[in-house]
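Step one of this worksheet: look at the structure below.
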Amino acid sequence: MNVLSRAQMLEFSQKGDDRGHLVIVEGMDDIPFDIKRIFYIFGSDQDVVRGQHANKNTEFVLINVAGTSKVRVKDGKGNEAVYSLNRPHTGIYLPKMIWKDMYDFSEDSVLLCLASTHYDPSEYIRDYDEFVKIVNGEKK
Ligand code: TYD
């Protein structure tokens with residue numbers, strides 16, 4: 001299956017009552033991996049583009065728990081898609097080996113990122129041309 005079609009929006013269960021909302025995200029249940037790492041991004045200006053990499057081994061789920069942002073994903077074969085993250089009970093699942101750019105951050109954006117691995121800089125591909133060569137079998 002094409003890597004782009006594996007990227008998909010997820011909707012999490014919400015428990016709301018007169019005290020407010022509670023959103024549940026359980027590893028291997030609401031998302032398709034065990035959560036090994038979380039990090040979150042805030043204070044990025046609207047014209048900033050983050051990400052700009054692919055990961056050889058890591059799957060992610062990105063959730064704008066406050067504010068909004070967009071994620072552009074590319075397969076390195078000429079196909080791309082854009083997702084809006086604009087509700088705290090939805091997220092985008094990103095498989096391994098997909099190029100991602102996060103951008104258009106609202107001033108109040110807090111982008112929560114759930115990852116399937118501990119941080120390992122060597123599994124990040126930060127050069128788009130290298131990514132294209134790898135996915136098209138021209139490089140390992
Ligand atoms: P970077 O990957 O550039 O962030 P983004 O993809 O959101 O634009 O990471 C910024 C810095 O933080 C970089 O020096 C690597 C470091 N970092 C860690 O040490 N651990 C982590 O889990 C992450 C995601 C980044």
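In terms of its Cα atoms, segment 1-64 spans 41, 34, 23 Å along the principal axes, sorted from long to short.
Computed over the chain with a Gaussian network model linking Cα atoms closer than 10 Å, the most mobile of ASP18, ASP47, ASP127 is ASP18.
Of the GluC sites (Glu not before Pro) in segment 39-115, the ones in a loop by DSSP (not H, G, I, E or B) with at most 12 other beta carbons within 10 Å are GLU107. Running a GNM on the chain with Cα contacts under 10 Å, which residue among PHE39, PHE12, PHE60 ends up with the highest mean-square fluctuation? It is PHE39. Projecting the alpha carbon convex hull of segment 3-135 along each direction and taking the average yields 8.2 nm². Given GLY91, ILE134, GLN8, which one lies farthest toward the positive end of the charge dipole of segment 3-135, if we put +1 on the Cβ of every Lys and Arg and -1 on the Cβ of every Asp and Glu? Result: ILE134, furthest along the dipole toward the positive end. Here the Karplus curve 6.51 cos²θ - 1.76 cosθ + 1.60, taken at θ = phi - 60°, turns the phi angles of segment 37-50 into couplings of 8, 10, 8, 9, 10, 8, x, 8, 5, 4, 8, 7, 10, 9 Hz, with x standing for Gly and Pro. Heavy-atom accessible area for SER69, with the other protein chains in place and a 1.4 Å probe, reaches approximately 0 Å². Note on the chain: with neighbouring protein chains present and a 1.4 Å probe, carbon and sulfur make up 46 percent of its accessible heavy-atom surface.
Compared with the alpha-carbon gap, the fully stretched path from LYS77 to SER122 is longer by 13.9 nm at 0.36 nm per residue.
The values are calculated or read from the model by the stated rules, or taken from the named source; none is laboratory data. Keep in mind that this is a model prediction, so the values were computed, not measured. So basically every Cβ, Gly included, is an ideal-geometry build from the backbone, and we count neighbours across all protein chains shown. Calculation scope for accessible area: heavy atoms of the full protein, side chains included, ligands and nucleic acids excluded. Shrake-Rupley method; radii C 1.70, N 1.55, O 1.52, S 1.80 Å.
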